[in-house]
């Protein structure tokens, strides 16, 4: 997002505080923001009705971009529509947002995660004890960009970002 909006003084971070990985996600985002001197506006969203309020707040507080954390897939359509209406460029943790019209995503490759789960299931079916298996963390990540959304927002995607993308949706 900083490559796309280098002048954004504040970036809003939309999270579901009840989602299991939110604490870790926020910790990592705060460390990254601190390293580059980026201001964050963290907005908790626990229900559908809080989504609209969060967007009102981020606009009032002058957010130049939005980072949407995990746990809000059920609100995907609404979040994408509000980001478009308020003309806020947003990055998401799941590629599903980009295929639904979101601007861009960077996160764990779900197909790779499912493959790893299948390998684990196979090992268990062959007799290994689940407690003896090592904890696996994601090793493959995907970056996707929706050029149609970028155009609607009046954004020019730098060639550097397009070259890094695993998928570009036109």
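Sort out for me the strands (runs of 3 or more DSSP E) sitting completely within the range 54-170 that have 2 or more residues that are over 13 Å from the mean Cα position of the chain (by Cα).
167-169
Scanning for something without any contact (Cβ under 8 Å) to a residue 40 or more places away in the chain and crowded, with 16+ Cβ neighbours inside 10 Å, does the range 58-68 turn up at least one residue?
So in the range 58-68, the residues without any contact (Cβ under 8 Å) to a residue 40 or more places away in the chain come out as 59-60.
With crowded, with 16+ Cβ neighbours inside 10 Å added as a condition, the list becomes none.
The answer is no; no qualifying residue exists.
In this structure, does residue 164 turn out to be in contact with a strand residue (DSSP E or B) (Cβ under 7 Å, 6 or more places away or on another chain), on the phi < 0 side of the Ramachandran plot and surrounded by 14 or more Cβ atoms within 10 Å (Cβ to Cβ)?
On the way: in contact with a strand residue (DSSP E or B) (Cβ under 7 Å, 6 or more places away or on another chain): yes; on the phi < 0 side of the Ramachandran plot: yes; surrounded by 14 or more Cβ atoms within 10 Å (Cβ to Cβ): no.
In short, no.
Go through (1) surrounded by fewer than 19 Cβ atoms within 10 Å (Cβ to Cβ); (2) over 29 Å from residue 160 (Cα atoms); (3) touching a strand residue (DSSP E or B) at 6+ places or on another chain (Cβ under 7 Å) and name the single condition residue 40 misses.
Result: residue 40 fails condition (2) only.
Quick note: the coordinates plus some simple rules give every number you see, no bench work behind them. The shown structure was predicted, so the numbers you read here are calculated from the model rather than taken from an experiment. Please note: Cβ atoms are built from the backbone with ideal geometry, for glycine as well, and neighbour counts cover all protein chains shown.
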